[in-house]
1. Kindly point out which whole DSSP H helices in the chain project their C-alpha atoms 15 angstrom or further along the helix axis while averaging a Kyte-Doolittle hydropathy of -0.5 or above.
2. Given 88, 26, 60, which one lies farthest toward the positive end of the charge dipole of the chain, if we put +1 on the Cβ of every Lys and Arg and -1 on the Cβ of every Asp and Glu?
3. Taking H as built 1.01 Å from N, whose amide H comes closer than 5 Å to the amide H of residue 132, not counting residues under 5 places away?
4. Taking just the C-alpha trace of the chain, give me its Rg and Dmax in Å.
5. Loop-only chymotrypsin sites (Phe, Trp or Tyr not before Pro) in the range 41-118, please: DSSP not H, G, I, E or B, and at most 11 other Cβ atoms within 10 Å.
6. Taking the Cα centre as origin and putting +1 on Lys and Arg beta-carbons and -1 on Asp and Glu beta-carbons, what dipole magnitude results for the range 4-200, to the nearest 20 debye?
7. State the percent of C-alpha pairs, over all pairs in the range 133-203, separated by a distance greater than 14 angstrom.
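A short reminder: the numbers here are calculations on the coordinates, not readings from a lab. Quick caveat: nothing in here was measured; it's all calculated off a predicted structure. Heads up, the Cβs are rebuilt from the backbone with ideal geometry, glycines too, and the neighbour counts pull from every protein chain shown.
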Amino acid sequence: MNRSLALFDFDGTITSQDTLFEFIIYFKGWTKFLVGMIALSPVIILFLFRLLPNWKAKELLFIYFFKGETFKEFQSACDLFSVDKIPHLLRPTALKKLTEHIQRGDRVIIVSASPENWVGRWAEAHGFEWIATRLESANGLLTGRISGKNCYGQEKVIRIKDYLNISEYNSIYTYGDSRGDWPMLRLGTSVNYKKFEDQDVVI
C-alpha cells in the first residue's frame, strides 16, 4: 500500500513571520518587548555572528520573558494566541497545500522549533499532528529553560524518527524555509524549500 507523509515547518513556512516574537508582543505588550530586545541585544549580536548556538540564544530569551510565569496563565495566553493571532499570520497557499495533503489521505505533521504551547494548540484545532520545542516548568511555574532539546536542525530529524517509522512511507513531502529545516528537508522524496513565499505576494 502506498503511504505518504508530509512534514511541515511552521514559522516562515506555514506562517509569514516568526510566531515567537509575535507571541511575546501579544503576551507582554510592545513596550516590554522592546525593552527586552534592548536588554537582550548582546545575546542577539552573539547569535547573529554565530558565537552563540540557536538553542542557547532562545533559552536566554525564554528566561527573560517567561521565567516565573505560571504555566496555567501562560498556556491560557497561548490558547488565545492560537485563535486570535495565528490565523492572521498564515500563508494561504501553505494552508491550501496542507488541505490537499489531508484530502489525499496523507499523514501531516507540523515540526516546529517554537514552543508546543501554541503550535500544538493550533495544529490540534486543525487536525494536524505536531512535534515542537517543550518548555520546562517546576511547581507550576515556567523556568524559562527548554525541556530536552530545541526542536531545530538535526533535532527535528531525531524527534521525527522517535515519533514514527519513516521507512513505512513510500512518499515523504518536506516543507521548510531556513537552514534549521534542512536536516528535515533531506528526509523528503519531494523537497520543498521556501515553496510558498513567492506565491503569497500580492501585486
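1. 54-66, 71-84
2. Highest projection toward the positive end goes to 60.
3. Answer set, sorted by chain and number: 112.
4. Rg and Dmax of the chain, Cα atoms, are 17.1, 55 Å.
5. 49
6. 400 debye
7. 68 percent
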